[in-house]
Amino acid sequence: MAVVKNNLLVCTQLDCKTSEEMLTSMEKAKEEGADLVELCVDSMAPSSHISHIQTLFKQRTLPSIVSYRLKSSRKSSMGSCKNSCLQVLKLALDLDVEFVEMDYEVASDMGMCELIHGRSNTKIIVSSYVNGGGRPSTEKLGDLIACMQATGADVIKLEIAVDYITDLVPIFQMLTYCQVPLIAMAVGSRGLISQLLGPKFGGFLVYGSLGGKSVPGLPTLVSLKQVYKLERTNADTKVFGVVSNPVGHSKGPILHNPAFRHTQYNGIYVPLLVDDIKEFFATYTGIDFAGFSIGIPHKEAAVACCDEVHPLAKSIGAVNTIIRRPIDGKLVGYNTDCEASISAIEDALRERQVSNGNGVASHITSLLAGKTFVLVGAGGAGRALAFGAKSRGARVVIFNRNYERAKALAHAISGEALPYECLQEYCPENGMILANASAIGMEPNSNQSPIPKEALKAYEVVFDAVYTPRNTRLLREAAEVGANVVSGVEMFIRQALGQFRLFTGGLAPEDFIRKLVLEQF
């Protein structure tokens, strides 16, 4: 079976207990777009006879990597384990399986050295696991690669445990400068971009998980093929991403990546699980890291990371977008949340007035002017809403579980702050605006709402910045009592359009992005 000729190989690991399960999973991998599979023979039950393994190799329907890891083997003794390993790998070589992967320890064995140099068509992958304990140095990785290459390896594979996303920089450097094909896998959720950005830096192949299964550090095969389309990535691809913690809920990748392709812009947008935002920006300083969406909980801290901040974002004290300016590499911060959320609420008010047959008073600058604007949440998104509503002439009343934060924000905009416990009883008038800028109601806690249903009768329009799920409990109950509702999806679309213009220097396929979001969310 000939090895696929794609510029990029997409692989998935099969760690089934029987050869029959392996073959079934292989078909599934083929359906999901895998170019090849890694047959983790050490995962098979100890009772699996060598004849079953031989049948598996002969009946494979995709190009394969045969691996047998000593440390993960189910065999009881290391001696018998190593003998089984050598037997399996020799069989794979005899049958001309496309790739055989072996631990560096095994590849250094004298008996295996003879087999490596005597092979015919099989390519040899020599792998090594590098423990965590801080960022691996480029010198350490370089020395290890040189030793591994000396075994006669055609391809080097490193599996590296990382503690933080900033630990990945030496891995990208190795991918760029290594003189032999290199596979790099950073283990854990903070290592996800080792796969998504591997092709940009010259990685030999990328791994994805099968069947939509969530595996820390691995994208799914389906997302690799349908969302990221990494075969389009090259050294000139600009990197964008969402800086957040947590980040798994973000819908940014399914919006920005197709929009880049639609506009023929050479960019990729990836999730960036960041613990320390200051360290992140101090580490990823290359001009190829061109722009970032800033999410929870970093929107306020991100202000201090910027060289320049747009006046609106500076007054809000929170940025949701950072661009690395191409001419000088400086980081410039913006806030597209404010206009996105406020304009969406204004449109809902306008729609309500029209539907009630009242028309829209043309002399009013904003339909929010004079309204009581009840805000839940005083974080980055809350600050954007507070400043936006105040600028439109609304009376802003802030509730937040941390009362001190609510008071600080109220002071900044000359608004009011009340204890969070008073929210459900607060009803000075009817026809108010409610905006939830907290994480209450976000998946997986989608059964929660910041306010009881009965209390929602006092509100004319209810806005929820949460967009996962699209129709939150708050919005459902608000609609049931007669309020006009504004989904966080609408804010997401509008702020994303603002971000996309900043990312690309002005491109904004509004109809495409709106259609995409409404179909995908």
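Take F280 and tell me if it is assigned to a helix (DSSP H, G or I) and open to solvent by less than 40 Å² (accessible area, probe 1.4 Å). It is true that F280 is assigned to a helix (DSSP H, G or I) and open to solvent by less than 40 Å² (accessible area, probe 1.4 Å). Looking at the structure I just gave you, is V247 assigned to a helix (DSSP H, G or I), under 27 Å from E443 (Cα atoms), open to solvent by less than 60 Å² (accessible area, probe 1.4 Å) and among the β-branched types (V, I, T)? It is false that V247 is assigned to a helix (DSSP H, G or I), under 27 Å from E443 (Cα atoms), open to solvent by less than 60 Å² (accessible area, probe 1.4 Å) and among the β-branched types (V, I, T). The set of residues in the stretch 368-397 that are surrounded by 22 or more Cβ atoms within 10 Å (Cβ to Cβ) and either without any contact (Cβ under 8 Å) to a residue 24 or more places away in the chain or charged (D, E, K, R) (or both) comprises K371, R383, V396. Inclusion of A186 among residues that are touching a helix residue (DSSP H, G or I) at 6+ places or on another chain (Cβ under 8 Å) and modelled with pLDDT under 95 is warranted. From the list T365, T336, the lone residue that is of a type in the set (V, I, T) and in contact (Cβ under 8 Å) with a residue 40 or more places away in the chain is T336.
The rows are residues; the columns are (1) under 16 Å from Y164 (Cβ atoms); (2) out of contact with any Asp or Glu (no Cβ under 7 Å at 6 or more places or on another chain).
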residue: Y207; (1), (2): no, yes
residue: L210; (1), (2): no, no
residue: S223; (1), (2): no, yes
residue: G248; (1), (2): no, yes
residue: K251; (1), (2): no, yes
residue: T263; (1), (2): no, yes
residue: Y269; (1), (2): no, yes
residue: K278; (1), (2): yes, yes
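Taken together, R401, R405, R350 contain a single residue that is touching a Phe, Trp or Tyr at 6+ places or on another chain (Cβ under 8 Å), open to solvent by 10 Å² or more (accessible area, probe 1.4 Å) and among the charged types (D, E, K, R), which is R401.
Checking each residue in the stretch 111-135 for being touching a strand residue (DSSP E or B) at 6+ places or on another chain (Cβ under 7 Å), open to solvent by 80 Å² or more (accessible area, probe 1.4 Å) and under 21 Å from Q179 (Cβ atoms) picks out only K123. Taking the stretch 295-346 as the range and being at negative phi, surrounded by fewer than 21 Cβ atoms within 10 Å (Cβ to Cβ) and part of a loop (DSSP other than H, G, I, E, B) as the test, the residues that pass are I296, P297, E300, C306, D307, H310, R325, P326, I327, D328, K330.
Give T336, T283, T321 a once-over and let me know the one that is farther than 25 Å from G488 by Cβ and under 23 Å from the mean Cα position of the chain (by Cα).
One residue alone meets the criteria, T283.
For the condition touching a strand residue (DSSP E or B) at 6+ places or on another chain (Cβ under 7 Å) and under 28 Å from E279 (Cβ atoms), what is the one hit in A153, A184?
Only one candidate qualifies: A184.
Scanning the stretch 405-437 for residues that are within 21 Å of S343 (Cβ to Cβ) and not hydrophobic (A, V, I, L, M, F, W, C) yields a total of 3.
Yes/no matrix, rows are residues, columns are (1) β-branched (V, I, T); (2) under 24 Å from I124 (Cα atoms); (3) in contact with a Cys (Cβ under 9 Å, 6 or more places away or on another chain):
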{"position": "G203", "(1), (2), (3)": "no, yes, no"}
{"position": "D236", "(1), (2), (3)": "no, no, no"}
{"position": "G252", "(1), (2), (3)": "no, no, no"}
{"position": "K278", "(1), (2), (3)": "no, no, yes"}
{"position": "F292", "(1), (2), (3)": "no, no, no"}
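Examine the stretch 260-275 for a residue that is acidic (D, E), under 15 Å from F201 (Cα atoms) and open to solvent by 20 Å² or more (accessible area, probe 1.4 Å), and state whether such a residue exists. No, because not a single residue in the stretch 260-275 is acidic (D, E), under 15 Å from F201 (Cα atoms) and open to solvent by 20 Å² or more (accessible area, probe 1.4 Å). L423 meets each of the listed conditions (1) open to solvent by 20 Å² or more (accessible area, probe 1.4 Å); (2) farther than 22 Å from I254 by Cα apart from (1). Scanning the stretch 478-489 for residues being part of a helix (DSSP H, G or I) and open to solvent by 40 Å² or more (accessible area, probe 1.4 Å) gives a total of 2.
When we screen E510, E416 for residues that are over 30 Å from P326 (Cα atoms) and acidic (D, E), the only hit is E416.
Residue selection: T468 fails the criterion of being among the hydroxyl-bearing types (S, T, Y), in contact (Cβ under 8 Å) with a residue 12 or more places away in the chain and closer than 17 Å to I345 by Cα. Exactly one residue among R501, R470 is basic (K, R) and not in a helix (DSSP H, G or I), and that residue is R470.
Taken as a whole, the structure leaves A496 outside the set of residues that are in contact with a Leu (Cβ under 9 Å, 6 or more places away or on another chain), farther than 30 Å from G329 by Cβ and either open to solvent by less than 40 Å² (accessible area, probe 1.4 Å) or β-branched (V, I, T) (or both). Looking across the stretch 83-124, the residues that are under 21 Å from D143 (Cα atoms) and in a loop (DSSP other than H, G, I, E, B) come down to S108, D109.
The values are calculated or read from the model by the stated rules, or taken from the named source; none is laboratory data. Remember, predicted model here, so these are calculated numbers, not experimental data. Cβ atoms come from the backbone with ideal geometry, glycine included; neighbour counts cover every protein chain shown. The protein model used for the area step is the full one, side chains on, heavy atoms only, and it has no ligands, DNA or RNA in it. Shrake-Rupley method; radii C 1.70, N 1.55, O 1.52, S 1.80 Å.
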